[in-house]
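Since the structure comes first, as C-alpha cells, the remarks are kept for the end.
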Amino acid sequence: DTAVSQTPKYLVTQMGNDKSIKCEQNLGHDTMYWYKQDSKKFLKIMFSYNNKELIINETVPNRFSPKSPDKAHLNLHINSLELGDSAVYFCASSPLSATGNTIYFGEGSWLTVV
Amino acid sequence: DAKTTQPPSMDCAEGRAANLPCNHSTISGNEYVYWYRQIHSQGPQYIIHGLKNNETNEMASLIITEDRKSSTLILPHATLRDTAVYYCIVRVGGSNYKLTFGKGTLLTVNP
C-alpha cells in the first residue's frame, strides 16, 4: 500500500482555471505538508498542517489554499492558475516528534499550465 | 536553520562505497543533520539523521565530526539504483519545523 498518495499524478490545464490536488496518508501521522519543486529543481515547503491546524504557511500566493478535512488528508486547491504555477507538487507527512523528524513524501503531481 | 554546502556532483563505481560530504559550519547545538535523496522523477526519500553520534541503518551510515561542523553520508556498496540527488539538511528537531532543501549532490553510480 502506498503510504502517501496524491492524485492526479499528471495535470495539464489552461491559465485561469481552478484545480485541486488531493493527498492522503495511511501512516497515522499527525503532520502533513505540501512542497513545490520548480523547473530549477529547488524543493520548497508551502504549507504544513498538524492535526488539521495550519502550522507553516510560507510566502505563497492567496490563490493557493490548502484544506485538511481530517488529519489523513491535505488537499491543495489552486485558483486562477498561472504559467508560473507549473511545477511538481509533493505531499508529505510525518509523525509528531520533538526530536528527529522523518518525512515521507508522495510521488508528486506534475502540473503544467498552458 | 543552518545552511549546508555540498559538492554539486560526484561519481562512484558500482559496488564501491560512496562518501558524500556536507559542511554545516554554522550548525547550532539543537540542530540535527538529516539526509534525504531524490531519485529522478520520484519523491524525496528519507535516509538517515543524527545529532552528535554516528548513526547507521539499513541504507547508510552517517559520520558527524566531533565539532559537528561537517558530516559524511556513506553508502557502503553503491548500486546503480543509488543514482540520485542527495540532500544534506540541518534543522531543529520537531515536526513543526520545516525542512529546507538546498541544491544537493547529484551522485552518479557507474557500472
Q) Just checking, which of B:Leu51, B:Leu107 is in contact with a helix residue (DSSP H, G or I) (Cβ under 8 Å, 6 or more places away or on another chain) and surrounded by 14 or more Cβ atoms within 10 Å (Cβ to Cβ)? A) B:Leu107
Q) Considering A:Leu43, A:Leu27, which residue is open to solvent by 60 Å² or more (accessible area, probe 1.4 Å), out of contact with any His (no Cβ under 7 Å at 6 or more places or on another chain), modelled with pLDDT under 95 and aliphatic (A, V, I, L, M)? A) A:Leu27
Q | Index of the failed condition, B:Thr72 passing every other in (1) part of a strand (DSSP E or B); (2) within 14 Å of chain A (Cβ to nearest Cβ); (3) more than 20 Å from A:Lys40 (Cα to Cα) | A | (2)
Q. How many residues does segment A:48-87 contain that are facing chain B (nearest Cβ under 10 Å), in contact (Cβ under 8 Å) with a residue 24 or more places away in the chain and either touching an Asp or Glu at 6+ places or on another chain (Cβ under 8 Å) or not in a strand (DSSP E or B) (or both)?
A. 1
Q: May I ask you to list the residues in segment B:1-39 that are outside any loop (DSSP other than H, G, I, E, B), more than 14 Å from chain A (Cβ to nearest Cβ) and in contact with a His (Cβ under 8 Å, 6 or more places away or on another chain)?
A: B:Thr5
Q: Quickly run through segment B:40-68 and pick out the residues that are of a type in the set (A, V, I, L, M, F, W, C), within 16 Å of B:Val90 (Cα to Cα) and outside any strand (DSSP E or B).
A: B:Leu51
Q) Between a first residue in segment B:66-78 that is among the polar types (S, T, N, Q) and a second residue that is assigned to a strand (DSSP E or B), which pairs have beta carbons less than 6 Å apart while being 6 or more apart in sequence or on different chains? A) B:Ser70/B:Asn23; B:Ser71/B:Cys22; B:Ser71/B:Val33; B:Ser71/B:Ile64; B:Thr72/B:Asn19; B:Thr72/B:Pro21; B:Thr72/B:Ile63
Q: Answer yes or no: is there a residue in segment A:48-62 that is at pLDDT 90 or above and open to solvent by less than 60 Å² (accessible area, probe 1.4 Å).
A: no
Q. Just one of the numbered conditions (1) in a strand (DSSP E or B); (2) surrounded by 14 or more Cβ atoms within 10 Å (Cβ to Cβ) is not true of A:Thr102; which one?
A. (1)
Q: Kindly list the number of the only condition in (1) of a type in the set (Lys, Arg); (2) open to solvent by less than 40 Å² (accessible area, probe 1.4 Å); (3) at negative phi that fails for B:Arg81.
A: (2)
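Is segment B:90-102 home to any residue that is open to solvent by 10 Å² or more (accessible area, probe 1.4 Å), closer than 29 Å to A:Ile56 by Cα, part of a strand (DSSP E or B) and more than 12 Å from chain A (Cβ to nearest Cβ)? Working first, answer last.
First, the residues of segment B:90-102 that are open to solvent by 10 Å² or more (accessible area, probe 1.4 Å): B:92, B:96-98, B:100-102.
Going one step further and asking which of them are closer than 29 Å to A:Ile56 by Cα, we end up with B:92, B:96-98, B:100-102.
Keeping just the survivors that are part of a strand (DSSP E or B) gives B:92.
Right, trim to more than 12 Å from chain A (Cβ to nearest Cβ) and you get none.
The answer is no, given that none of the residues of segment B:90-102 is open to solvent by 10 Å² or more (accessible area, probe 1.4 Å), closer than 29 Å to A:Ile56 by Cα, part of a strand (DSSP E or B) and more than 12 Å from chain A (Cβ to nearest Cβ).
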Q: Give me the pairs, please: first residue somewhere in segment A:1-20 and of a type outside the set (Lys, Arg), second residue anywhere and in a loop (DSSP other than H, G, I, E, B) and exposed (fewer than 11 other Cβ atoms within 10 Å of the Cβ), beta-carbon distance under 9 Å, and either six or more positions apart or on two chains.
A: A:Val12/A:Val114; A:Thr13/A:Val114; A:Gln14/A:Val114; A:Met15/A:Val114
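The values are calculated or read from the model by the stated rules, or taken from the named source; none is laboratory data. On a predicted model such as this, the values are computed, not experimentally measured, just so you know. So basically every Cβ, Gly included, is an ideal-geometry build from the backbone, and we count neighbours across all protein chains shown. When the accessible area is computed, the model is the full protein with side chains, heavy atoms only, and any ligands, DNA or RNA have been set aside. Shrake-Rupley method; radii C 1.70, N 1.55, O 1.52, S 1.80 Å.
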